[in-house]
1. Restricting to the range 156-169, give me the number of residues that are assigned to a loop (DSSP other than H, G, I, E, B) and in contact with a helix residue (DSSP H, G or I) (Cβ under 6 Å, 6 or more places away or on another chain).
2. For the range 330-363, enumerate the residues that are surrounded by 16 or more Cβ atoms within 10 Å (Cβ to Cβ), under 16 Å from residue 295 (Cα atoms) and in contact with a strand residue (DSSP E or B) (Cβ under 9 Å, 6 or more places away or on another chain).
3. Can you name every residue in the range 267-297 that is touching a strand residue (DSSP E or B) at 6+ places or on another chain (Cβ under 6 Å) and over 12 Å from residue 73 (Cα atoms)?
4. Taking the range 448-470 as the region of interest, how many residues are surrounded by fewer than 19 Cβ atoms within 10 Å (Cβ to Cβ) and closer than 27 Å to residue 388 by Cβ?
5. So, in the range 135-154, exactly how many residues are in contact (Cβ under 8 Å) with a residue 60 or more places away in the chain and either assigned to a helix (DSSP H, G or I) or closer than 20 Å to residue 441 by Cβ (or both)?
6. Just give me the residues in the range 309-322 being surrounded by fewer than 16 Cβ atoms within 10 Å (Cβ to Cβ) and touching a residue at least 60 places away in the same chain (Cβ under 8 Å), in sequence order.
7. Taking the conditions exactly as written (assigned to a strand (DSSP E or B), at positive phi, surrounded by fewer than 14 Cβ atoms within 10 Å (Cβ to Cβ) and modelled with pLDDT of 95 or more), does residue 234 satisfy them or not?
8. Kindly indicate which of 108, 80 is under 21 Å from residue 226 (Cβ atoms) and within 29 Å of the chain's Cα centre (by Cα).
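The values are calculated or read from the model by the stated rules, or taken from the named source; none is laboratory data. Keep in mind it's a predicted model, so treat the numbers as computed, not measured. Cβ sites come from the backbone with ideal geometry, for glycine too, and all protein chains shown count toward neighbours.
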């Protein structure tokens, strides 16, 4: 259970007005001395004329930590309050995010003539309450200077930032920070029949049931970002560039249709416990299912960096809350993001053949979001004596991938040299086709081999926004099963030179995630400002170790001299291949009782399967585990081996 500091609580008068039982017999029993002190320092005031949004602290009294452990706890009494979980998420810290501020500073130094417009665009999502308050009051721009003196903007994507979004006809169709807010002091939540009295009386807001709050379209205004490109002189090109399109990637998948999964399902996990969501109101019914407000993504690096610099960045959140957020992020990355399976194919001509299958389990591309993010596939073969026979995708001491070619690493279907590394990323190009990390100069994608989600196709209506770019588009194993799109997988083949080696090999395949790789900052380092210098100092002193997402190991793969892939008898057929249910049929077997069928897994181990031989055919039921299998058929002096792919 997290250690919490006590926040504001709504004063007891509202409970008396509503004639609901108090959680204690006296005001003193309900309010701790810390509560009273905090309340006296932070008056809860209703929205006044010309005000549209509340600070998140206004919500903390009811939806924060309950010192009596009666509300905002699960059935086991564990604290799950909304405020503390949100506060240390990247949503909660978007207004103080030092990388974002440094990048905005970088952009406006590259194109100073667009400074006001750039800052105003960027603050629409990172500091929406400050941005939109200024907009509603007729202020033409909202800049970093405005943000520095605005607690609303610094509160980031806070309670009111999301819960004031109305179910507009534009929702799901307006992007790049165009947020359809309800400015009539209505607020929306996912539960029917909210109690209006307390919020109306004390914060001048009327709570409403809003089914759209459980719909992915509510996330779309900021999670599809399309910018207007400029050339190297700052002149608009007249074209646009898709900086990120998480919502569109999600639409081009099976998640919103057959899988019936929303953004909230993963990033705000549901629990079935009935949760009392407001402190001090014991008569409130428990709400279920309840979405945790952890907002876990993949950016553990920045959460940890902000934690270690929280005082200078203006965060007062306890370290325990940061740690809880980091646990949620790591859990999401390791359990819901990617599956890695390493497989041994065969040996021939002093070469060992392996493949690594990567299955994207997210509802969007992996990696996704801000274009700095990348994933690196690392493959290492270790001899029996501990020496390395082959390696790919290793990092140097600065956490850059070794041997990256200029200008960037291409996508590979087959890797047969240690200088080749599979890096999943989006690479931006300027009007001259050169790599750029200046977002406003981004004119075209030079590469996008980020692994698509399950069900992704090049024929979907949103594909023009979320294209596959580069060699991955023609890779027969990339998002394809045979020629059918939508597998959500990539299979990378490794042809390992043996150089005469025989004996056992240990194969390690692992995928590492980097939110801010060192190369992304190379252009920024040519500029200086308070924001850039501050962030680079934090970055250079941070733990920049890549995060392990998923891995697989093959132990004791036996390599023997002269062993080659058996020649197949072309008359024998095995289908279907791939199989989706683990059942395959063998046809055109030889006659007689001397036919023997064996099945081996990718590591070369004999596995127990169910085999039914009938005359010149056989039915084979594979183990209930997807992967690569080899079916060996012995017909007297003739031996045939077929590789079968089992994809559920």
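1. Residues of the range 156-169 that are assigned to a loop (DSSP other than H, G, I, E, B), as a first pass: 156-158, 164, 166-169.
Within this subset, residues satisfying the condition of being in contact with a helix residue (DSSP H, G or I) (Cβ under 6 Å, 6 or more places away or on another chain) are 167.
Final tally of qualifying residues: 1.
2. If the condition is that a residue be surrounded by 16 or more Cβ atoms within 10 Å (Cβ to Cβ), under 16 Å from residue 295 (Cα atoms) and in contact with a strand residue (DSSP E or B) (Cβ under 9 Å, 6 or more places away or on another chain), then 330, 333, 337, 362 are the ones that fit.
3. The initial filter retains those residues of the range 267-297 that are touching a strand residue (DSSP E or B) at 6+ places or on another chain (Cβ under 6 Å), namely 268, 270-271, 275, 277, 286-287, 289-291.
Correct list: 268, 270, 289, 291.
4. Restricting attention to the range 448-470, the residues satisfying the condition of being surrounded by fewer than 19 Cβ atoms within 10 Å (Cβ to Cβ) are 457-465, 467, 469-470.
Applying the additional criterion that residues be closer than 27 Å to residue 388 by Cβ yields none.
Number satisfying all stated conditions: 0.
5. Keep residues of the range 135-154 that are in contact (Cβ under 8 Å) with a residue 60 or more places away in the chain, which gives 136-137, 144, 151-152, 154.
Within this subset, residues satisfying the condition of being either assigned to a helix (DSSP H, G or I) or closer than 20 Å to residue 441 by Cβ (or both) are 136, 144, 151-152, 154.
Matching residues across the range 135-154 total 5.
6. Let us first name the residues in the range 309-322 that are surrounded by fewer than 16 Cβ atoms within 10 Å (Cβ to Cβ), namely 311-312, 314, 316, 319-320.
The answer is 312, 314, 320.
7. Values: assigned to a strand (DSSP E or B): no; at positive phi: yes; surrounded by fewer than 14 Cβ atoms within 10 Å (Cβ to Cβ): yes; modelled with pLDDT of 95 or more: yes.
No: the conditions fail for residue 234.
8. Working: 80 fails: under 21 Å from residue 226 (Cβ atoms).
Of 108, 80, the one residue that is under 21 Å from residue 226 (Cβ atoms) and within 29 Å of the chain's Cα centre (by Cα) is 108.
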